[in-house]
Amino acid sequence: MSDYVFDADTAVAGGEDGVFSANLHDRWTIEQVPNGGYTMSVMLRACQEASEHPDPLTATAHFLSPTSPGPVEVQVEVVKAGRSTSTFAAALHQDGRERVRMLTTFGHLDSRSGPTHRYLDPPELEPPFTQQRSLLIQNFPNNFHFEIPERLAGGAIGKPTGEPEIAGRMAFADGRDPDLLAMPVFADGLPPAAFNLGYAAWTPTIELTIHFWNHPAPGPVTVWLHSAVVEGGYHDESGDIWDSEGRLVARSRQFARILVAPDS
């Protein structure tokens, strides 16, 4: 078993006929439901086991119904096995129901060639910082060290800022370095930007897409999340993830529900 919690808790076994077994651990729960990014990482690991290409390039997961801690089955179907990329469809089943459906393409980041242009700069996070993530009942934050600027953290501690954004640094509490398979938990790891608009409750994810751009350097990652649309109880959330050397490693886009009315 791995010395690192994330690796142990995303481990998969089997693989015969594309069927993998795994166990969703309660260490990653928010309001007793395993975090969507964590569940997505479990599915990515199963797809990686089935792939001749090592690196996820893009992944989109649709969350059909909540999971719970305990055994799951991940069925991986090869959609396309090509020279430069391979595409997989994965379905996570628990208690006889399909809970998550994911489509992902794997490739090899180190073999890329062609034009490169970078139009984004990493954000500057200014102290003072807080480690407090949110007031929800959850085990998920125990897996990380957080540094969230106090000026952005208001919604997580009951003092919404009114701005649809949040940012902070994250690192695994046990010292594990970030990698591509961990990007979903970082993309889904900060309090939702909707908290700063006064919606301080669980905001279940309906769909989460991640684009993987570079292997991260060792050390904490910086995550910046912002929302542009809140409509009829649904909201979007876009995220950028930077490594400790200031390089963009992933971008995310999430579509989620808002389950409470704003604070009065």
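Derivation of every value follows stated rules applied to the coordinates shown; laboratory data play no part. In this text the structure is predicted, and so the values were computed from the model without any measurement. Glycine also receives a Cβ, built like all others from the backbone with ideal geometry; neighbour counts cover every protein chain displayed.
Below, the figures for the structure above:
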quantity: Under the Karplus curve 6.51 cos²θ - 1.76 cosθ + 1.60, θ = phi - 60°, whole-Hz ³J(HN,Hα) for the range 85-95, x wherever Gly or Pro sits; calculated: 9, 9, 10, 10, 10, 10, 10, 9, 10, 8, 6
quantity: Dipole of the range 132-264, positive end: most advanced residue of His226, Leu181, His145 [Cβ charges, Cα centre]; calculated: His145
quantity: Ratio of the Cα radius of gyration of the range 146-264 to 2.2 N^0.38 Å, where N counts its residues; calculated: 1.04
quantity: Helix 36-50 axis, angle to the chain major axis (alpha carbon atoms, nearest 10°); calculated: 20 degrees
quantity: For Thr130, distant residues with modelled amide H under 5 Å away; calculated: Ile148, Glu150
quantity: Local electrostatic count at Ala50 - Lys and Arg +1, Asp and Glu -1, tallied over other residues with Cβ under 12 Å; calculated: -4
quantity: Percent RCO, i.e. relative contact order, over the chain, from Cα pairs under 8 Å lying at least 6 residues apart; calculated: 17 percent
quantity: Residue (of Val72, Gly155, Ile30) at the positive-pole extreme of the range 20-164, dipole from beta-carbon charges; calculated: Val72
quantity: The chain: most fluctuating residue of Glu237, Glu165, Glu245 per GNM, C-alpha cutoff 10 Å; calculated: Glu245
quantity: Environment charge of His93, counting only residues whose C-beta is closer than 15 Å and scoring Lys/Arg +1, Asp/Glu -1; calculated: -2
quantity: Size-normalised alpha-carbon gyration radius of the chain, reference 2.2 N^0.38 Å; calculated: 0.97
quantity: Measure of compaction for the range 129-197 (Cα Rg per 2.2 N^0.38 Å); calculated: 1.08
quantity: Per-residue HN-Hα couplings for the range 65-73 [Karplus 6.51, -1.76, 1.60; θ = phi - 60°; Hz; x = Gly/Pro]; calculated: 7, x, 8, 9, x, x, x, 9, 10
quantity: Cα gyration tensor of the range 41-97 - equivalent ellipsoid semi-axes, whole Å, descending; calculated: 23, 10, 10
quantity: Lys/Arg +1, Asp/Glu -1 at C-beta; the range 5-109 dipole; positive extreme among Gly107, Val12, Cys47; calculated: Gly107
quantity: Neighbour cut-off at most 13 other Cβ (10 Å), DSSP loop, GluC sites (Glu not before Pro), the range 35-73; calculated: Glu52
quantity: Estimated inter-spin distance, Ile137 and Thr116, nm [label 7 Å along Cα→Cβ]; calculated: 4.9 nm
quantity: Under 13 Å, Cβ to Cβ, from Tyr119 - net charge with Lys/Arg +1 and Asp/Glu -1; calculated: 0
quantity: Amide proton proximity set for Val72, modelled H, under 5 Å, gap of 5+; calculated: Ala22, Asn23, Leu24
quantity: Dipole magnitude of the range 129-257, debye to nearest 20 (Cβ charges: Lys/Arg +1, Asp/Glu -1, about Cα centre); calculated: 200 debye
quantity: Cα-centred dipole magnitude for the chain, charges only on beta-carbon of K, R (+1) and D, E (-1), debye, nearest 20; calculated: 360 debye
quantity: Kirkwood Rh in Å, taken over all unlike Cα pairs in the range 5-109; calculated: 13.6 Å
